[in-house]
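Notes follow once the structure below has been shown.
The values are calculated or read from the model by the stated rules, or taken from the named source; none is laboratory data. Keep in mind it's a predicted model, so treat the numbers as computed, not measured. Backbone-built Cβ (ideal geometry, glycine too); neighbour counts: all protein chains shown.
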Amino acid sequence: MPNNDDPRYEVRDPAIEAKLRDIGERIHAALQERAEGEPHMGFVLMLFKLDPGNATFYISDCQRADILKALKEYIKKMETDA
């Protein structure tokens, strides 16, 4: 998780932050319930406003580098399959 003292990672919206943390805790807990031998699954939840100059918010139980790698792979696949 990012350093909470770093202003680049501030949500700046307490209502959205509370919702993200609540949903994130539930997702994380659900992913911990896995069969023996099943690999760990990480998650990232992104919310964004559908307005011009939209703001994007996210929460994850993964390192930022892992999120970026997964997103790049996902985008590449989506563009290829389009």
Problem set entry | Pair list, Cβ under 6 Å, 6 or more apart: the stretch 9-30 residue at pLDDT 90 or above, other residue in a helix (DSSP H, G or I) | none
Exercise. On the given criteria, is residue 12 over 22 Å from residue 71 (Cα atoms) and surrounded by fewer than 11 Cβ atoms within 10 Å (Cβ to Cβ)?
Worked result: yes
Problem set entry | the stretch 33-54: number of residues that are modelled with pLDDT of 80 or more and closer than 24 Å to residue 18 by Cα | 11
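Among the residues of the stretch 71-80, is there at least one that is surrounded by 10 or more Cβ atoms within 10 Å (Cβ to Cβ) and part of a strand (DSSP E or B)?
Keep residues of the stretch 71-80 that are surrounded by 10 or more Cβ atoms within 10 Å (Cβ to Cβ), which gives 71-77.
This time we only want the ones that are part of a strand (DSSP E or B), so: none.
No, every residue in the stretch 71-80 fails to be surrounded by 10 or more Cβ atoms within 10 Å (Cβ to Cβ) and part of a strand (DSSP E or B).
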For this session: Return yes when residue 66 is in contact with a Gly (Cβ under 6 Å, 6 or more places away or on another chain), modelled with pLDDT of 85 or more and of a type outside the set (Lys, Arg) and no when it is not.
Result: no
